[in-house]
Amino acid sequence: MRIAVMGSGGVGGYFGGRLAHVGEDVTFIARGAHLDAIRRSGLQVKSVAGDFHVHPRATHDPAEVGPVDLVLFCVKAYDTEAAGSQIRPTVGPQTVVLCLLNGVDNEERLAGILGDERVMAGVVHILSTISAPGIISQTAGPRTIKFGEKDGRVSDRARRILAVLTGAGIRAELSTQIQVDLWEKFLFICAQGGVTALGGLTIGEIRGCSETAAFYRGVMEEVAAVARAKGVALPRDAVDRALAFARGLQPGMRSSLAHDLSQGNRLEVETLAGSVVRYGRETGMPTPFNFAIYACLKPHHEKALAARAV
């Protein structure tokens, strides 16, 4: 299977690196110093599951790659439209674009660019970042991918992708209810990302303060209420399950949103808390906890945007 990784950061670098490590035909699409380092010295992955080093092909130009069988689409959600247009040269008649972004509407946005039949939705659970050019550091999380067709079918192409992922030692699973899975992850990352970033706290510190823990749960409950108002069949215990997952995390774990805030990077605040606020207004559901996160983090995102424009 010919594979392109669009967005070679924490998610794309880790999972694409796993695929390259077992000999799959993988090309990374990257930019800047990260691209230069991969071309010069390869890609190093430092992981709690074991370190490895690969020397894959890498380019900044999807046109150099040409049509592939699978695109792992792993950019930040705020780059969905731009990156979706850029990867058109890699998308042929049989190409699957597996969307592994945070959020619940990226697949629709990609489908508007590439065609609905090309896009498959996926959910990842991993904490992984670019710690230095050419180096991916995976520090926490179960390192899983759950994916599936939007209509719930278990298709031949999904089975083929599953075989390739599991063959690389990736903990992957097919889903027949991927929309529910997306929203279950969404309610977790809205709380985990929003509260660790806004409070400058680890999950252990959040769990250790009853008021902050109540805020964390409140963020989840708002997202669950909005999801059900939009017709998503979330399980009754979705919030309790997400909280149980959070209790199992390493106490020092933060989030990619907190990491980006600390580095002065752009933030996925529109995709996370901002989406909850907008959906809440559409459905008539109150979202004060998510609004607080959105209102406080949005200026940091706009500051980073302004800095890039200089």
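Matching the structure-derived mean projected area of the Cα convex hull in nm² against the labelled list [x] 14.9; [y] 13.9; [z] 18.7 gives the label [x].
With a sphere of radius 13 Å drawn around the Cβ of residue 213, what net charge do the other residues whose Cβ falls strictly inside it have (Lys, Arg +1; Asp, Glu -1)? Combined, the nearby Lys, Arg, Asp and Glu give 0. Each principal axis of the Cα cloud of segment 2-176 was evaluated for its coordinate range; sorted largest first, these ranges are 40, 32, 28 Å.
Would you work out if segment 244-310 is rounded, prolate or oblate? Take a ≥ b ≥ c from the square roots of the eigenvalues of the alpha-carbon gyration tensor; rounded if a/c is under 1.5, else prolate when a/b is larger than b/c, oblate otherwise. Cα axes put segment 244-310 in the oblate bin. The residue among 295, 42, 119 whose Cα reaches farthest toward the positive pole of the charge dipole of the chain, with charges on the beta-carbon of Lys, Arg, Asp and Glu, is 42.
In this rough spin-label picture, where each label sits 7 Å from Cα along the Cβ direction, the residue 155-residue 244 distance is 3.2 nm. Which value in nm describes the separation of the simple spin-label points at residue 263 and residue 230, placed 7 Å from the Cα toward the beta carbon? If labels sit at residue 263 and residue 230, their model points lie 2.7 nm apart. Taking the chain as a Gaussian network of alpha-carbon nodes connected by springs under 10 Å, the highest mean-square fluctuation of the residues 62, 142, 93 belongs to 93. Taking a straight line from the alpha carbon of residue 46, these lysines sit under 28 Å away, with near neighbours fewer than eight places off in the same chain left out: 76, 146, 185. Label positions at residue 166 and residue 278, each projected 7 Å from the Cα along the C-beta direction, are separated by 3.7 nm. For residue 110, neighbours were defined as the other residues whose beta-carbon sits under 15 Å from its Cβ, and their charges (Lys and Arg +1, Asp and Glu -1) total -3.
Tell me whether segment 180-309 comes out rounded, prolate or oblate; compute the Cα gyration tensor, take square roots of the eigenvalues as a ≥ b ≥ c, and use a/c under 1.5 as the rounded threshold. Taking the square roots of the gyration eigenvalues as a ≥ b ≥ c, segment 180-309 is oblate. The calculated FRET efficiency for residue 60 paired with residue 303, based on their beta-carbon distance and R0 = 25 Å, is about 0.40. In the chain, Cα pairs under 8 Å separated by at least six residues give a relative contact order of 15 percent.
Averaging sequence separations of C-alpha pairs under 8 Å and six or more residues apart, then dividing by the length of segment 2-176, give the relative contact order as a whole percent. The partial results should precede the final answer.
Working: 386 pairs, mean separation 40.1, N = 175.
So the answer I get is 23 percent.
Around the Cα centre of segment 180-309, unit charges on the Cβ atoms of Lys, Arg, Asp and Glu (plus for the first two, minus for the last two) sum to a dipole of about 120 debye.
When the helices of the chain are scored as -39500 (n - 2.57) per DSSP H run of n ≥ 4 and the total is divided over every residue, the value at 222 nm lands at -14500 deg cm²/dmol.
Every read-out reported here was derived from the displayed coordinates using simple, explicitly stated rules and does not represent laboratory data. The model shown is predicted, which means the values in this text are computed figures rather than measured ones. So basically every Cβ, Gly included, is an ideal-geometry build from the backbone, and we count neighbours across all protein chains shown.
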